[in-house]
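What follows is a single structure, written as structure tokens, with notes after it.
The values are calculated or read from the model by the stated rules, or taken from the named source; none is laboratory data. Quick caveat: nothing in here was measured; it's all calculated off a predicted structure. Note that we place each Cβ from the backbone using ideal geometry, even for glycine, and neighbour counts take in every protein chain shown.
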Amino acid sequence: MAKKKNKIDTALKRAEKLFKTGNFLLAEKNFEKVQKKLNSNTIAEKLEICRKETRIIKGKDLIKQGHKAVEKDNLPEAILCFQSAEKLLNDPLLSGKVNDLQYKLTEYKIDAEAQEAEASCDYTKASDLYARAWGKNSSQDLLLKSAVCLVKAGNYLQAAELFDKSDLPDDNALYFCGFALAKTGNHYEALKRWEKLDTPDKLFIEQKRLILSLACSEFYSNFKKDPDINAVHHKANDLLALANTLDYTELIVMLEEICTYCKLVLIETLWEQEEFADIADFLLQMVHFNDPAILALNAKTYFHLSRELSNFIEPMMAYWLTAIYSNEISAGFSDNPDKREKIQQRLIHFSEERINRHQNSQSARYATHYLTIEKKLLNDLSTVLQKHDQGFNQTCTPRYAALFGFSNTILELIKLSKNDFKDSEHYLETGGYYSRAGEGLYALKTGNVKKAQALVETIESNSPKDEFTDYVVRLIQFEFGQAALENNEKGYLQYFALTPKLFESAPTIEKRFSDKILQYGDKQLLSHEKLLIFLNKERPSDPISEACSFAMTQSAIIKYNQKKMNDKQLKTVIEKAIRIYPDNDFALHTLERTAIDLETEIILKAMDKHKLMKAARLARQSAYPEVCDRYFEFGEQMLEQISASDLDLIDQKIYLSDLLKAGMSVDPYHPVIDSINEKLQFLGD
């Protein structure tokens with residue numbers, strides 16, 4: 001008995017130890033052996049705990065086995081594992097997992113059947129099988145496979161319906177969807193799907209061109225029947241974009257006409273509603289239509305918009321004058337040329353009033369300058385067009401010409417009419433506004449020389465040259481250089497590198513510049529002297545030589561008066577100035593006065609050193625009578641100094657005799673000679 005009891009105690013202790021360490025599986029077996037002998041409530045409770053924990057452990061182990069089976073794509077085994085785990089754990093999530101796997105297993109089976117049907121070209125059966133599988137788990141992939149099989153089976157309508165339920169996640173889905181739509185006659189919708197396909201495949205591009213052609217044919221036949229003009233316009237724009245992408249010229253022309261028609265219909269309604277901003281949006285889409293009616297519409301629309309908003313003044317001016325001077329539009333003003341001109345002037349006055357309404361805005365200030373420039377331009381151009389009938393009679397502003405590609409045509413017309421301009425500057429400036437540098441010329445003439453310089457710097461140096469662009473570039477650099485000079489910038493001379501060519505092409509600019517120099521004061525002449533010397537070296541024309549000579553002369557005198565130059569230096573500069581421009585009377589006079597002063601100074605120094613015969617020789621050899629006069633003035637002063645001195649009679653006589661002898665060699669009949677003789681007689685022989 002004792003041995004059996006010891007065995008039971010040992011088994012119980014082992015069970016308790018296993019229970020405490022969490023080894024419930026072994027603890028359960030040991031507790032079961034002990035419970036058969038002891039039948040204890042305590043052991044029964046622990047035994048129940050062990051069984052519960054054992055179920056959890058077994059359930060978790062089954063779940064792990066199930067996941068491994070899923071990874072190995074062994075769905076039947078995985079389902080069995082998860083079902084067993086569910087029984088042990090009573091977890092509803094496992095029930096869902098089992099259902100998912102069963103659906104997936106069914107899908108696999110159906111998919112395999114569908115693939116087999118598809119491989120044997122039984123597309124209808126394959127589609128049905130894919131649809132059944134999709135009905136079970138709503139997989140987008142199965143839905144798309146079913147739709148594609150329907151397309152291959154030729155059931156396009158049903159395929160399109162299935163594609164409509166899908167998000168079309170890839171290129172393959174997009175292509176077959178578009179194909180199904182095209183086959184059901186929905187060509188426009190098909191193209192919209194294919195828009196998202198970016199492929200260079202030539203067969204596909206040809207396919208798109210064919211569908212586009214069909215879509216456009218259908219659209220052209222029905223667009224006027226559609227009461228929703230906005231929808232028609234939107235569709236026409238979409239088709240036009242596709243035609244442009246496919247470079248389908250014939251369709252582009254047709255669609256552009258339809259788009260224009262739609263815009264004009266919409267504009268008519270908007271005009272009645274006074275929705276001018278919306279009209280402007282449409283007109284921006286028609287910017288390349290050079291049509292008198294569109295031109296007039298642009299002018300009137302922006303005129304209305306600029307009433308309240310200054311930012312519409314600039315676009316108004318882009319069209320206003322061109323519309324006023326348009327032959328087609330102005331012909332409607334009056335048959336009488338005088339009346340027509342009065343109406344044109346009145347319309348110009350309207351634009352001036354509109355600009356003045358916003359006089360404090362920058363747009364209005366620019367517009368005022370532009371209006372002044374362009375009125376003169378169009379007057380000149382109108383005169384030229386009347387004299388030369390070259391098959392082009394569009395009198396337009398430079399901005400309008402650039403917008404519609406008329407700039408080169410107008411430039412050629414200006415070249416043919418060169419002799420009709422008053423001078424080369426007028427000719428080049430007129431062409432300059434229509435040249436590639438025209439925007440820079442506008443900036444210059446409106447006072448923004450920095451902007452003008454920045455604009456011409458953007459003109460590529462290797463671009464084709466023409467006399468008008470060259471003129472504008474040279475003029476702007478010339479003006480920018482003058483601004484740099486006035487601001488005392490270093491290296492300002494670099495901006496005058498092209499000035500000689502500018503003066504050569506437009507001598508009137510050179511003349512104005514040189515005339516301005518002749519009116520300058522001291523400070524301006526000093527600052528411009530270096531520039532004028534440079535210009536005269538590069539282009540020694542009469543106007544520049546005169547200005548350079550004048551500036552050198554005046555600058556030298558200024559420096560002389562400031563004690564920065566002596567008589568000899570002054571004389572050297574003046575002589576150089578005369579060589580540059582021999583007709584510089586002021587320089588000649590200055591040189592004469594300088595020579596007289598210089599010779600007089602030398603004579604005075606000689607007399608101070610009692611070198612009387614040298615002084616007399618210099619006076620005698622001088623070409624200027626004034627020098628002789630000055631010599632005798634000095635002699636008279638010496639006579640007075642000797643008479644008033646403390647010298648004894650003998651020394652006085654010696655000095656006076658020397659003075660008399662020297663003076664006689666200059667002019668024996670001068671009154672000072674008589675005075676010296678009288679003094680010597682008074683002192684006695």
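Any residue at all in the range 229-239 that's without any contact (Cβ under 8 Å) to a residue 12 or more places away in the chain and surrounded by fewer than 19 Cβ atoms within 10 Å (Cβ to Cβ)? Before you say what the answer is, go through the steps one by one.
Quick first cut of the range 229-239, residues without any contact (Cβ under 8 Å) to a residue 12 or more places away in the chain only: 231, 234.
Add one more test, that the residue is surrounded by fewer than 19 Cβ atoms within 10 Å (Cβ to Cβ), and what stays is 231, 234.
Yes, the range 229-239 has at least one match.
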### Query
Consider Leu197 against the criteria (1) touching a Phe, Trp or Tyr at 6+ places or on another chain (Cβ under 8 Å); (2) more than 24 Å from Leu266 (Cβ to Cβ); (3) in a helix (DSSP H, G or I): it satisfies all of them except one. Which criterion is unmet?
(3)
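Does Gly635 satisfy the condition of being in contact with a Leu (Cβ under 7 Å, 6 or more places away or on another chain), at pLDDT 80 or above, of a type in the set (Gly, Ala, Ser) and assigned to a helix (DSSP H, G or I)?
Working: in contact with a Leu (Cβ under 7 Å, 6 or more places away or on another chain): yes; at pLDDT 80 or above: yes; of a type in the set (Gly, Ala, Ser): yes; assigned to a helix (DSSP H, G or I): yes.
Here the answer is yes, as Gly635 does meet what is asked.
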#### Entry: In the range 480-497, the residues that are within 21 Å of Ser424 (Cα to Cα) and buried (at least 18 other Cβ atoms within 10 Å of the Cβ)
Phe496
## Note on the structure
Residue set Lys136, Lys145, Lys109, Lys97; condition modelled with pLDDT under 70, buried (at least 20 other Cβ atoms within 10 Å of the Cβ) and assigned to a helix (DSSP H, G or I); output residue Lys97
### Message
Being charged (D, E, K, R), out of contact with any His (no Cβ under 9 Å at 6 or more places or on another chain) and in a helix (DSSP H, G or I) is the requirement here; does Asp651 meet it?
### Response
yes
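Listed residues Val472, Val456; which is of a type in the set (Val, Ile, Thr), modelled with pLDDT under 90, within 31 Å of the chain's Cα centre (by Cα) and in a helix (DSSP H, G or I)?
On the way: Val472 fails: modelled with pLDDT under 90.
Among Val472, Val456, only Val456 is of a type in the set (Val, Ile, Thr), modelled with pLDDT under 90, within 31 Å of the chain's Cα centre (by Cα) and in a helix (DSSP H, G or I).
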### Conditions (1) in a loop (DSSP other than H, G, I, E, B); (2) in contact (Cβ under 8 Å) with a residue 12 or more places away in the chain: number failed by Ile348
(1)
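Take the range 328-381 and flag every residue that is of a type in the set (Gly, Ala, Ser) and surrounded by 15 or more Cβ atoms within 10 Å (Cβ to Cβ).
In the first step, residues of the range 328-381 are kept if they are of a type in the set (Gly, Ala, Ser); the result is 330-332, 334, 351, 361, 363-364, 367.
Scanning the range 328-381 gives Ser330, Ser351, Ser361, Ser363, Ala364, Ala367.
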### Query
Out of (1) in a helix (DSSP H, G or I); (2) surrounded by fewer than 22 Cβ atoms within 10 Å (Cβ to Cβ); (3) among the charged types (D, E, K, R), what's the single condition that is false for Glu510?
(2)
### Query
Could we say that Lys523 is modelled with pLDDT under 90 and assigned to a loop (DSSP other than H, G, I, E, B) here?
no
### Message
Checking the condition closer than 26 Å to Ala119 by Cα and in contact with a helix residue (DSSP H, G or I) (Cβ under 8 Å, 6 or more places away or on another chain), which residue from Ala236, Ala180 passes?
### Response
Ala180
### Task
Spot the failing condition for Ser505; the list is (1) surrounded by fewer than 17 Cβ atoms within 10 Å (Cβ to Cβ); (2) closer than 13 Å to Arg539 by Cα, and only one is missed.
(1)
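Any residue in the range 487-494 that is on the phi > 0 side of the Ramachandran plot and more than 21 Å from the chain's Cα centre (by Cα)? Before you say what the answer is, go through the steps one by one.
Within the range 487-494, the first condition is being on the phi > 0 side of the Ramachandran plot, and the residues that meet it are 488, 491.
Among the residues that remain, those that are also more than 21 Å from the chain's Cα centre (by Cα) are: 488, 491.
Yes, the range 487-494 contains at least one residue that is on the phi > 0 side of the Ramachandran plot and more than 21 Å from the chain's Cα centre (by Cα).
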#### Entry: Pair list, Cβ < 6 Å and 6+ apart or interchain, from the range 243-263 residues that are farther than 20 Å from Lys202 by Cα to residues that are aromatic (Phe, Trp, Tyr)
Lys263/Phe282
### Task
Within the range 306-320, identify whether any single residue is surrounded by fewer than 13 Cβ atoms within 10 Å (Cβ to Cβ), assigned to a helix (DSSP H, G or I) and without any contact (Cβ under 8 Å) to a residue 60 or more places away in the chain, and answer yes or no.
yes
